[in-house]
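Following: one structure in structure tokens, then a few remarks.
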Amino acid sequence: MTAEINFEDFKPRVDAIEEAFQQKWERFRYFVLEPDRPEFAEGLNSFGPEGISLLEKAKSALTQAKEFQTEMLGRKSRLSALRKEIRNVAAADRGVAGQAMTRLELQMSQPLEIVETHLNHFIGTILTRQEALDVTLPGWRPRRGHLHPITLVRERIEDIFVSLGYAIEDGREIETDFYNFTALNIPDNHPARASQDTFYTSDGFALRSQTSTVQIHAMQRRGAPLRMIAPGRVFRRDTPDPTHNPMFFQVEGLCVDRGITMAHLKGTVAEFLRRMFGAQTVTRFRPSYFPFTEPSAEFDFSCFKCGGSGCRICKNSGWIELGGSGMVHPNVLRGAGVDPEEFSGFAFGLGIDRMVALMYGLDDIRLLFENDVRFLRQFD
Ligand code: FA5
């Protein structure tokens, strides 16, 4: 049987628990204050490093307060162990010992309960504020996109030719040897057929190297008479530089009818360029050679910047080179099923990318395909 203990011996053990409580309580004492008091937030500072948010600190304080409560008042606490000893206290002292224990228990449990309630309230307020939605705030307006400069110029070219009575044809980007070369009167040994100049697929198709291929498709499909333009992408094995890309855009033009002459070609190109660059624009034709036209000519127009006196854009020549043209070769008409005895026609082709560069004063056409939004935004 255990020896009886009196209150004198029991009391120091109660005091020791209280002392342990007081030491740790120091950190939690701010939280019995109302959570909107500045001291409350200050008290949280010891619950996490400087950088973390008040919310994180409050969550950590709440976890630690719960651990503290378990340590002091839980089943395995010193208080709980001491409570079991009460029956060993001498009967005369048992009442006071019991009262001392109850007082200590309340002294610890009540403030800790307040601390937990306040911390929960504090955390709840922050979460509500974070999730709050101000329905009166203006919404985010999505940024409107805009057309690429090449598309802008292509559409302008299309508008002009549609108003001159031309249809718009859509061609294929992958072509057979026949459409890319043979039907265009390009002989078997012509350098353009070499793989140094043209991209071939492994099964013998070629990426079209010019929009002239659409001439053949259009004549085969529609027959003569015919007026069409065909804007589109073309591919050449050119090394990129300020005026070359391996992929670029051309516009092809074709007019086939009875009695079409070089005069119609010159009149059409001159009218197109006047509408494109202004009434003062002058056009000139220089003799040239293309296998699919005879005679052939390249055409230039007077510089839209300096009007012909010479500047940086026209490299001081006063003229800007734009494209190739000519009277459609009888072999091409015949190959596409049009009788060259009855019909004649003219064709022309020009590069859109260089035209865009000239119009917007770009000194490098590679900018057009770098997809740098800082560059593209300028065309909004
Ligand atoms: C032709 O492609 C002919 N098909 C034009 C033609 C059509 C002649 C109908 C007669 C009848 P050329 O190879 O010169 O021609 O190219 C025409 C235009 O494409 C050039 O004036 C130039 O503006 C543009 N061009 C050529 N190579 C490139 C390139 N690598 N990058 C950007 N533009 C280019």
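No value in this document is a laboratory result; all are computed from the given coordinates. Predicted, not measured: the structure shown is a model, and the values here were computed from it. Cβ sites come from the backbone with ideal geometry, for glycine too, and all protein chains shown count toward neighbours.
Note on residue 159 and residue 132: with the Förster distance fixed at 30 Å, the Cβ-Cβ geometry gives a FRET efficiency of about 0.05.
The distance separating the Cα centre of region 1-46 from that of region 274-352 comes to 98 Å.
What 222 nm value per residue comes from the helices of the chain, counting each DSSP H run with n ≥ 4 as -39,500 (n - 2.57) and dividing by all residues, nearest 500 deg cm²/dmol?
-13000 deg cm²/dmol
Working from label points 7 Å from Cα in the Cα-to-Cβ sense, the residue 102 to residue 53 distance is 4.6 nm.
When each of the peptides 318-330, 199-211 is scored by how many other beta carbons lie within 10 Å of its residues on average, the order from highest to lowest is 318-330, 199-211. Entry note, the chain: relative contact order of 14 percent, from Cα contacts under 8 Å with a spacing of 6+ residues. For the chain, the longest principal axis of the alpha carbon atoms and the long axis of helix 7-25 meet at an angle near 20°. Charge dipole (Cα centre; +1 on Lys/Arg Cβ, -1 on Asp/Glu Cβ; no other charges) of the chain amounts to roughly 400 debye. Highest mean packing first, where packing is the average number of other Cβ atoms within 10 Å per residue, the peptides 268-274, 256-262, 142-148 line up as 268-274, 256-262, 142-148. For region 153-220 and region 73-135, what is the separation of their C-alpha centers, rounded to whole Å? Here the answer is 88 Å between Cα centres. Evaluated over the chain, the count of Lys pairs having alpha-carbon atoms less than 29 Å apart is 18 (only pairs 8 or more residues apart or interchain).
Once Rg and the Kirkwood radius are both taken over the C-alpha atoms of the chain, their ratio Rg/Rh works out to 1.56.
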